[in-house]
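Just below is one structure, and these are the notes that go with it.
The values are calculated or read from the model by the stated rules, or taken from the named source; none is laboratory data. Quick caveat, the model's predicted, so the values are computed rather than measured. Here Cβ is always computed from backbone atoms with ideal geometry, including for glycine, and neighbour counts include all displayed protein chains. These accessible areas exclude ligands, DNA and RNA; they are computed on the full protein's heavy atoms, side chains included. Shrake-Rupley method; radii C 1.70, N 1.55, O 1.52, S 1.80 Å.
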Amino acid sequence: MRNIFTFKFLIALLLAGQIDMFAGDVQNKSEKIELKAWGVPDNNVWGPDGEASIKIMQEFQKLHPLVNLVPATGLYIPNRSMDTVPLMQIAGDISPAVMYVNFRQSSTYIGQKFLYPLDAYIEKTSGTEIRDGHLMSNEQYVAALRKSPRYGEIFEERIPAQCWEVIRRECPYGESCQFVKERQGTVSALHYHAWCMPQSQLVMALFYRRDLFAEAGLPDRVPGDMDEYLEWARKIHNPKENIFGVNIPLGELSWSTLSFFYSCGGRAVAQDEKGNWRCVFNTPEAVEAYYYVARMFMEPFENRFGKFEGVVNLGDQNSAIQYAMYFNYIDQKSFQQIDPNTTNFGPVPKGPKGVRGSEFNAMMTGIYAGFDKNVKVRDAAWEWMLFIGGNEAKLIQAKVYVENGLGRFVRPKLLERAGYSEFVNKVPAGWQEASDQALKNGVPEPYGKNCQMVYTYMSQAIDQIRTDGEIKRCILAKDESGAKKRIQEILNVRVDIANQKMLNILPKEVRIFRTRVAAGVSIAIFAIFVLVLFKVFKTFSESMTRSDADRARGEWQFGRHKIAYLILLPAILSIAVWSYWPLMRGTVMAFQEYNVRGFSTWIGFDNFAVVLFSREFWYAMLVSLEYTFLFMTFGFIAPIVLALLLAEVPKGKILFRTIYYLPAMLAGVVVIFLWKGFYGQHGMINQILNFFVDATNYVLGTHVTEFTTAWLDSPAFALFFCLLPSIWAGMGPGCLIYLAALKGIPEDLYEAADIDGANTFQKVSFIALPSIKALISINFIGAAIGCMKSGSEFILAMTGGGPYTPHGMTEVIGLHIFWEAFGFLRFGVATAMAWILGAMLIGFTVYQLQSLSRMEFKAAGGK
């Protein structure tokens, strides 16, 4: 009986275990999946767009209750957020499963192996499976997809022809592609995958002010062609009343003139017969377009308001200025920012050959390749990508807009599909026409290798054209051929520079020369650091005095000083881990094309060659020198002056010291946003200036215009105003060390000076300053070194390195290195920059250490 009972007990335990295991499996299958994804609304959404995004998310979660959506929000950085946030998240290993991808960065994402191929998902959703589809051309692959039962319903409208050439590209894995092997396809070095999914199309249109058009007696429509565009702009142009014919921001010259460029038949980049990308913005069509742009800037004309030169605002941008015409994307968000009673829009003007060539763009998403092994998250990511840009989400968005009284801001076709055909006649007439023209003649935003930089080089070319004296002389003399000849010369040079800098297309002899220079500099940097280490060791060894008995015991004397070594060990390990290990790791990275996902390759001295011949690097170095000069002029002297004043003030010393130290008690983020508010169009700086303006106007009867300048957007003032908060916050704490030094000056020196009749200025000049001269000299060197390396934290939050004209006017070298590393994930180039910067500053460090070794420190009152 006992054996039978034991047997039954074991069977019961076994069955219980099986039941528990089965229950565990069921629980695992029903576990929620956390999906961090682009497009998921956070707590800061507002307006109809925010309401629509929340309802779209709620509807998705009804369909997929086991998916827990998490917003993929990141740090807001002025001028760069959409481009840099995904890359910074990848660098920090916190990338969302669904990433935002744009045209110009898509090649970088694919080449760096950040994206997971979507072929299998697209085919499965379409209801087909294409054998060896990765070996087909785009035309063949799309034709095969169109034969599937659901492709037309789900993807036909969503993925226009222009998008296929962007989203489906050559695979960077080559023959080792694991995705081909997983699908048991034919292995090939050259094959293709679809990497992204379009979510919404962005169409460029021409917006115009209806009220300004009416005042000038112009019809309520966009100009038909480029000649009419210029003619109408000149009729309206009246800078005396802050009215300009066109809006072409000097910081966005290439993007703002793209419609003219494409309408003339120009192209920014193109692929040669081998499939390599090249800049081609020096063709005859490009010359024609930029001659037209030069006329807008330089050609004199006369209208009813007077005589003028050009129709472009060359001054600062501010809210008081009205622009008759400007280009922008048309979507629901742009409509929320305009008044349809005063602003309308339509297709871009036709070019000389009768073609409307606007830019075609799209917001896209992709699945981060880091989730290649996590099938559940990957599948959930695809479902979210498919849903937010799909028909159901669009219908939800249309319904929200109609319910909020904004039905006129929805595409006509979508209104009809959503059952709101009665609102179609209220939609601005230009919407459908501009959309149709963009799909017909739209040119995709440049999407080749490193194309995120092409607008910068095009802007530099336009900037040179608009300021060239020879071109201006030809335009004034109506010498069209002479002007075009000079423009062609400028574009040829700029295209060569762009191909070299952006695409690394160099003649063989130039490449050899740069490699040799880079090798020489790298060896020199290594030699400098070795010599410096030897020099520092020798300097401090000579300054140490040891007795004969101490020398006899040996150098290290571990037995005698073991307690001291044990106390030092944590500090040594900390310095080794946080200083020397990154230094050694960075040394390796400087010779690699580093990939954060582990696909790094050795490239020798190429990174140093890129840095040494980079105009942006040396310009950032120049900005750092200017920043250092400004700090040493104002920021370094301010604490010394403050310390001298506080030392001499007869009463209330503690009160004044407390007041000046208080800014240091504020958190850095508070200081940043406090001063950023001061610099706004309606901030404290303009309020103070406008007080004097109003007083002058009242007393003298003048009509001086009030200040509305956004000071951080001003190239002339941005750098100084970025520096000012750190001076203000650091002046109080900085003066403490000088106050302590001044307290150490013997009182009998001041008493003797008083007997001799010395005034305050003489006592400061001949007693105080000479007494703290050594301290000032040490701090001066340290501050100069610190300034060359720092400043990036405040500037990052305040301007992001801008304004860009086209180089960053506040992009100091530390911030430039940060952008290279975390903004473009070019860690190899960034570490090479850091080494070159370190080699330049190491001489100051040696001088500082030598000065310290020669100094003798005493306590106050010591003999």
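Couple of notes before you dig in:
- Calculated FRET efficiency for the pair Ile54/Glu706, C-beta based, R₀ 45 Å, to 0.05: 0.65
- Among Asp372, Asp225, Asp748, Asp93, the sequence by solvent-accessible area, most first, with a 1.4 Å probe is Asp93, Asp748, Asp225, Asp372.
- Cα gyration tensor shape of the stretch 259-411, rounded if a/c is under 1.5, else prolate or oblate by comparing a/b with b/c: oblate
- Prolate/oblate/rounded label for the stretch 479-541 (Cα gyration tensor, a/c 1.5): prolate
- Measuring between alpha carbons in the structure, the pairs from Lys36/Lys113; Lys535/Lys773; Lys36/Lys124; Lys235/Lys413; Lys55/Lys113 lying more than 29 angstrom apart are Lys235/Lys413; Lys55/Lys113.
- Positive minus negative residues near Lys350 (Lys, Arg vs Asp, Glu; Cβ under 10 Å): -1
- Point-charge dipole on Cβ atoms (K/R +1, D/E -1) for the chain, about Cα centre, debye to 20: 1880 debye
- Once the C-beta distance of Lys32 and Asn303 is scaled by a Förster radius of 56 Å, the resulting FRET efficiency is 0.25 to the nearest 0.05.
- Projecting the Cα atoms of Phe261, Val85, Gly224 onto the charge dipole of the chain (Cβ charges, centred on the Cα centre) puts Val85 farthest toward the positive pole.
- Taking each residue as 0.36 nm, the span from Lys440 to Leu314 lengthens on full extension beyond its C-alpha to C-alpha distance by 41.9 nm.
- Inter-site label distance for Ile776 and Glu648 at 7 Å from Cα along Cβ, in nm: 1.3 nm
- Cα-based shape type of the stretch 114-166, given that a ≥ b ≥ c are square roots of the gyration tensor eigenvalues and the cut on a/c is 1.5: rounded
- Mean separation of Cα contacts under 8 Å (6+ apart) over length of the stretch 116-180, as relative contact order %: 32 percent
- Span from the the stretch 279-297 Cα centroid across to the the stretch 41-70 one, whole angstrom: 45 Å
- Taking chymotrypsin sites (Phe, Trp or Tyr not before Pro) across the stretch 585-691, the ones in a DSSP loop with at most 16 further Cβ atoms lying within 10 angstrom of their Cβ are Phe599.
- Over the chain: helical MRE at 222 nm, DSSP H runs n ≥ 4 each giving -39500 (n - 2.57), nearest 500: -16500 deg cm²/dmol
- Value of relative contact order over the chain, rounded to a whole percent, pairs C-alpha under 8 Å and six or more apart: 14 percent
- Rounded percent of accessible protein surface that carbon and sulfur make up, the stretch 31-176, 1.4 Å probe: 50 percent
- Within the shell of other residues whose beta carbon sits under 14 angstrom from the beta carbon of Glu123, the net charge comes to +3, with Lys and Arg scored +1 and Asp and Glu -1.
- Full-extension gain in nm, Glu392 to Lys508, via 0.36 nm per residue minus C-alpha separation: 36.2 nm
- Spacing of the two label points (7 Å from each Cα toward its C-beta) at Ala753 and Val699, in nm: 3.9 nm
- Rounded Å value of the spacing that divides the Cα centres of the stretch 387-409 and the stretch 791-833: 39 Å
- The stretch 91-169 versus the stretch 605-642: alpha-carbon centroid distance in Å: 44 Å
- Normalised contact order of the stretch 581-721, rounded percent, pairs of Cα under 8 Å and 6 or more residues apart: 13 percent
- Note that the chain presents 51 Å² accessible area per residue, ligands and nucleic acids not counted, probe 1.4 Å.
- Correct option for semi-axes √(5λ) of the Cα gyration tensor in Å [calculated from the coordinates] among [x] 53, 43, 30; [y] 46, 35, 26; [z] 52, 43, 19: [x]
- Across the options Gln762, Gly730, Ala783, the greatest Cα extent toward the positive end of the charge dipole of the stretch 698-828 (unit charges at beta carbon of Lys, Arg, Asp, Glu) belongs to Ala783.
- Gain on full stretching of the segment that runs from Ile737 to Asp211 - 0.36 nm per residue minus C-alpha separation: 183.1 nm
- For Lys562 and Phe599, a Förster radius of 51 Å and the Cβ-Cβ distance give a FRET efficiency of 0.65, rounded to the nearest 0.05.
- Sulfur and carbon atoms: percent of accessible area, the stretch 661-727 [1.4 Å]: 73 percent
- Accessible area of the stretch 179-291 belonging to carbon and sulfur atoms, whole % at 1.4 Å probe: 46 percent
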